[in-house]
Every structure is written in structure tokens, then in C-alpha cells.
Amino acid sequence: MEGLRPAVLMLIAFVGDVHGRVLHAFAALLTLQRRRGVALDAVVQVGDLGAYPGPERMDAPSRRFLAEHPAEGDFFRLLDPDPALAAAVTEALKHLPPMHFVSGNHEDFEFLAAIGGGPVDPLGAVRHVPDGTVAELAGQRVAFLGRVEEPGYMDLDPDALGTLLAAPPGSADILVTHDGPHGLCTDWQGTTRGSPKLAALIDHLQPALHVSGHYHHPNGPRHYGRTVSYALSELVYPRRNRRRPEHDNPRQQVMAGAIGLYDTGTGAFELIDDDWLADVHGDHLDLATFLN
Ligand SMILES: [Fe+2]
């Protein structure tokens with residue numbers, strides 16, 4: 001009947017902090033599509049992809065984690081893939097959209113500034129989105145603002161923040177940030193975490209959806225006016241967690257709450273918590289085995 005068209009169903013997957021483990025991300029997204037019988041229209045990663053051009057450019061914490069977690073070096077393999085990996089990633093990209101990512105606080109900002117917006121690896125599997133950009137993805141206007149609110153080199157970019165604060169309310173459907181809004185959680189010492197500037201940005205833009213990362217555990221839904229806000233888990237927790245042994249991850253598997261699935265037609269957002277997440281694991285993940 002004319003005038004009664006169903007809402008267009010588009011699916012966007014959001015991926016939490018990757019910290020170099022890009023093959024875990026692709027394998028989890030391929031498995032999500034197969035197990036759910038869906039096709040993703042866009043993939044967005046919320047920062048801390050681990051975008052360094054080489055280990056020598058890593059910051060000290062990233063280098064420490066790499067020493068104990070070989071998969072944190074998978075980003076480097078993607079930058080210079082051997083023939084087997086190139087074939088697997090090429091095949092994966094026939095089934096998956098490229099992963100758009102915003103800066104976290106553990107990236108090489110000079111490397112990303114030199115790239116600007118666009119593909120970072122030779123196969124175009126990951127694409128950087130500069131801070132302050134509003135891009136159209138899966139029919140949604142998606143605003144991006146990376147980094148964290150912390151004085152120093154990793155602080156929010158004031159120009160990019162200003163650009164988004166100057167955009168009219170309602171001009172973005174989705175806001176993607178790395179840091180989260182002030183008050184979203186407390187740390188192990190009981191200190192309130194989150195960015196007051198990002199809370200103000202959400203208040204101003206009032207997107208339908210806000211998604212963030214950085215705190216490495218799932219959070220939400222939280223409501224800010226008409227905005228529903230979620231934070232994602234880190235994609236793969238470290239092998240050992242000194243303060244919270246219940247978060248130990250000896251198999252190096254993908255965590256519950258590290259991937260969010262958004263249906264643009266219904267507005268439903270789901271933090272994925274399926275049993276098959278445990279199938280995506282290991283220090284040396286073979287992406288080819290996830291292509292069947
Ligand atoms: Fe992180």
C-alpha cells in the first residue's frame with residue numbers, strides 16, 4: 001500500500017577497543033553474520049584500534065601488552081600481509097564492509113594525521129575517520145570524535161569538538177567517540193570516570209545513538225535526553241588481570257559486550273553475548289578458517 005513502506009533495515013556493527021587484534025575483529029564479524037544469518041551494511045570501531053605503523057612507534061603500555069599478547073601485533077601483519085593473509089583478508093572483504101575507525105588514545109596520531117581519512121592498510125580493510133567528521137554510513141549520519149578528555153597529547157581535539165558543537169542539534173543520527181560521557185562508571189578506586197565535554201556534546205547533538213569504548217567493559221543503555229548511549233568491552237581481554245582475576249582470558253577469546261549490533265530500521269541496539277564468541281580465540285588466529 002502506498003505510503004506504508006517498511007522501515008529500511010540496515011545493520012551496523014560496532015567494535016570495542018581492538019588493540020591490534022584486527023584478525024579477531026574480522027573473524028568475530030564473519031561469525032556474527034553466519035550465526036545470525038545477517039549481512040552487515042557498515043562496521044564502526046570506537047578507537048584504540050592499535051594503529052601504529054610498527055612496534056617501534058608504540059607507546060610503552062602497548063609495547064608491554066604486545067610482549068605477552070602476540071595477536072596485538074596482527075595490525076602490523078595487516079599493514080604488510082604475506083600472501084596467505086592477503087588472500088584471507090581479500091576474501092573476507094567480499095563478505096564484510098571495511099571497518100571505519102576513530103582514534104583512541106593508543107594510536108600513532110602523526111601516522112593517522114598523515115593518512116587523513118581513508119584506508120590505512122593496502123587491502124583497504126580498515127579506514128581511518130578523522131575527528132570532527134560526519135560521514136554517511138548505512139544511511140545514517142555518523143559523527144566521529146576520538147581521543148580522550150585528558151590534558152596532554154591524547155586530549156580531545158578542540159577544533160574537532162568545536163566543529164561538532166557548531167553543528168545543529170539533530171544533524172547526526174549516531175555519535176561515535178572513544179572516551180565516554182562523564183559519570184558512566186567509576187574506576188577501581190571509586191573515582192567517577194568519563195568526559196564532561198563529551199557529555200555536553202551528546203546534550204547538544206542529541207543523536208539517537210551514542211557508542212564509545214576506552215573503559216574496556218560494556219556499559220549501557222544510558223539515557224541522555226533522546227540519546228541512548230552504550231560503551232563496548234575491549235575486544236579481547238588480557239591473559240591476566242591482576243586486580244580482577246575473574247576477567248582473566250587465557251584462551252584470548254572475544255569478550256561478551258565487545259560488539260554492538262544496531263538495526264537502523266527499528267533503533268534496536270544489542271550488545272552481543274553469544275556462546276560462539278568463545279570460538280574466536282587464540283594467539284595466532286587463522287582468519288582463513290572463518291571464511292567457510
Ligand atoms: Fe583501550
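Filter region 205-238 for residues that are in contact with a helix residue (DSSP H, G or I) (Cβ under 8 Å, 6 or more places away or on another chain) and more than 16 Å from the ligand (Cβ to nearest atom); which is farthest from residue 45 (Cα to Cα)? Among residues in region 205-238 that are in contact with a helix residue (DSSP H, G or I) (Cβ under 8 Å, 6 or more places away or on another chain) and more than 16 Å from the ligand (Cβ to nearest atom), the one farthest from residue 45 (Cα to Cα) is 225. Applying the criterion of being loosely packed, with under 15 Cβ neighbours inside 10 Å and outside any helix (DSSP H, G or I) to the residues of region 96-127, the residue that is farthest from the chain's Cα centre (by Cα) is 122.
Within region 169-227, the residues that satisfy the criterion of being at pLDDT 95 or above, under 18 Å from residue 156 (Cβ atoms) and assigned to a loop (DSSP other than H, G, I, E, B) are 172, 178, 179, 180, 182, 194, 207, 213, 214, 215. Of all the residues in region 55-75, those that are closer than 25 Å to residue 155 by Cα and more than 18 Å from the chain's Cα centre (by Cα) number 11. Among the residues of region 59-75, those that are touching a residue at least 40 places away in the same chain (Cβ under 8 Å) and either within 13 Å of the ligand (Cβ to nearest atom) or out of contact with any helix residue (DSSP H, G or I) (no Cβ under 7 Å at 6 or more places or on another chain) (or both) comprise 59, 61, 62, 65, 68, 69, 70, 72. Across region 10-21, which residue is nearest to residue 232 (Cα to Cα) among those that are away from the ligand (no atom under 14 Å from the Cβ) and surrounded by 24 or more Cβ atoms within 10 Å (Cβ to Cβ)? Per the stated criteria, the residue is 14.
Yes or no, residue by residue, for (1) more than 16 Å from the ligand (Cβ to nearest atom); (2) in a loop (DSSP other than H, G, I, E, B); (3) more than 24 Å from residue 219 (Cα to Cα); (4) more than 13 Å from the chain's Cα centre (by Cα):
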{"site": "29", "(1), (2), (3), (4)": "yes, no, no, no"}
{"site": "32", "(1), (2), (3), (4)": "yes, no, no, yes"}
{"site": "38", "(1), (2), (3), (4)": "yes, yes, yes, yes"}
{"site": "44", "(1), (2), (3), (4)": "no, no, no, no"}
{"site": "53", "(1), (2), (3), (4)": "yes, yes, yes, yes"}
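Here 134, 148, 129, 142 are screened, and the one residue that is among the β-branched types (Val, Ile, Thr) and closer than 14 Å to residue 198 by Cβ is 148.
The values are calculated or read from the model by the stated rules, or taken from the named source; none is laboratory data. Given the structure is predicted, the values throughout are model-derived calculations rather than measurements. Please note: Cβ atoms are built from the backbone with ideal geometry, for glycine as well, and neighbour counts cover all protein chains shown.
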